[in-house]
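Here is the structure we will look at.
None of the figures in this text is laboratory data; all of them are computed from the coordinates on show. Worth saying up front: this structure is predicted, and the values here are computed from it rather than measured. Don't worry about glycine lacking a Cβ; one is built from the backbone with ideal geometry, like all the others, and counts go over all protein chains shown.
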Amino acid sequence: MQVYKVGGAVRDRLLGLPVTDIDRVVVGATTEEMLAQGFRPVGADFPVFLHPKTGEEYALARTERKSGRGYGGFTFYASPEVTLEEDLIRRDLTINAMAEDDQQNLTDPYHGQRDLQARILRHVSPAFAEDPLRVLRVARFAARYAGLGFTVAPETLELMRQLSKSGELQALTAERSWKEISRALMEDQPQVFIQVLRDCGALEVLMPEVDALFGVPQPETHHPEIDTGLHTLSVLQQAALHKQPLTVRWACLLHDLGKGLTPQEQWPRHIAHEHTGLKLIKAVNERFKAPKDCHELALLVGQYHTHGHRALELKASTLLELLQSFDVYRRPQRFEEFIAACEMDARGRKGLEQRSYPQADYLRGAATAARGVAVQPLLEQGFKGPALGEALKRERLKALKAYKEAASG
Ligand code: ATP
Ligand code: MG
């Protein structure tokens, strides 16, 4: 049997990038031979094994044939007769369809190296269209390698367009989609992921709520870029530049969904978009079964981001309500993430990327003031139950009033 490195490990080494996860393909072996050598099978009907010592993945060379809708509908055929070239042709992109042996001899039947040099993401064969997840994968790779100058080949984009139109994207499970979406958002240029999905018509299918933001104007005084879709892309870009976590990036993507619902006669204003957007934010989160922390932060940022921007003008009582809504006493980190999302929103505007955002420190100070109210003295005064809650609120309000005065004085 022969073992080759394949996929990302070969691609990233040739790009001069660090290689973290190594996938290997085994040609000329049977499942029985693998088991006899101590490899552990990953799944019952999947010819993939883990190395007994390193735990790295070894997959038997295989061919694939589509047998139904979505991804469940795939039949694998693995046997010692399947050649390396046959295994490589089932892969998504030419730059992912190269293999190399121990001596770094390259097998590159589909010209991945040429496309690496030309900075092109190109599909290997028409079989690309058999798995709609590849639309998301290509957009994710575009987001990852945009900084190196990579773009999607026109013919690949055309295939992605056909896949988006065909209704196949809807067959993807929430889990598979979320995995790609969440990884893509953590890339260096997540806005490219959304842009590529939009370019091929997939955004309209997957997240029509985000797609609807393009072409919607905002007031030029606050938004020199005017277009709400472009603003959203810039906010995501800022979130990546500032190394924000997934929760914040996800909230950034969804914060303005309400603007897509504004009746045209009200343009470019978007009265109460914070509230109208909430049901859309909820719908997107449920569609992809986003994890709870992502879902929660997206809703809170959607509802309160304009509060964040107006932080310095908010009454003490409104500040208190804001802090209570975030349960800042038990969840201080979540409030930090809210502040970060607001700051990214403020900077994700044309020409304003470097602006200062004094609201951030002001909000932090307010949280500190409210959290500084001690419970013990109130307990000692005999407060308990709901009365204790009320007393705490009163003290926090006092603290916030003092904080406001000190800050404006
Ligand atoms: P990463 O750096 O994100 O791990 P990768 O290219 O190694 O990138 P993997 O998801 O680890 O991506 O997959 C390994 C290889 O398997 C890919 O390079 C590609 O050749 C192939 N592959 C994975 N998923 C698909 C798919 N849905 N369709 C076609 N080929 C795929
Ligand atoms: Mg990999």
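Observations on the structure shown:
- The Cβ shell under 15 Å around residue 356 holds other residues with a net charge of 0, Lys and Arg each +1, Asp and Glu each -1.
- Nitroxide proxy distance, nm - points 7 Å out along Cα→Cβ at residue 313 and residue 77: 6.9
- Its residues counted as N, region 195-308 yields a C-alpha radius of gyration over 2.2 N^0.38 Å of 1.00.
- DSSP loop GluC sites (Glu not before Pro) with at most 12 other Cβ within 10 Å: longest gap in the chain: 221-409
- For the residue pairs 384/404; 165/289; 179/279; 289/350, the alpha carbons lie more than 31 Å apart in 289/350.
- Axis of helix 358-371 versus longest Cα principal axis of the chain: the two differ by about 70°, to the nearest ten degrees.
- A Stokes-Einstein calculation at 20 °C with viscosity 1.002 mPa s, built on the Kirkwood radius of the chain over Cα pairs, returns a diffusion coefficient of 89 µm²/s.
- When you restrict to C-alpha pairs under 8 Å that are six or more residues apart and normalise by the size of the chain, the relative contact order lands at 9 percent.
- Segment residue 380-residue 354, length gained on full extension (0.36 nm per residue, minus Cα span): 4.5 nm
- Based on C-alpha pairs under 8 angstrom that are at least 6 apart in sequence, region 119-206 has a relative contact order of 41 percent.
- Added length on full extension, which subtracts the Cα-Cα distance from 0.36 nm per residue, residue 226 to residue 306: 27.1 nm
- In the chain, the longest principal axis of the Cα atoms and the axis of helix 190-199 are about 70 degrees apart.
- Computed label-point distance, nm, for sites residue 51 and residue 282 using a 7 Å Cα→Cβ extension: 4.9
- Modelled FRET efficiency - R0 30 Å, residue 65 with residue 17, Cβ distances, 0.05 increments: 0.35
- FRET efficiency, residue 40 to residue 329 (Cβ-Cβ, R0 35 Å, nearest 0.05): 0.15
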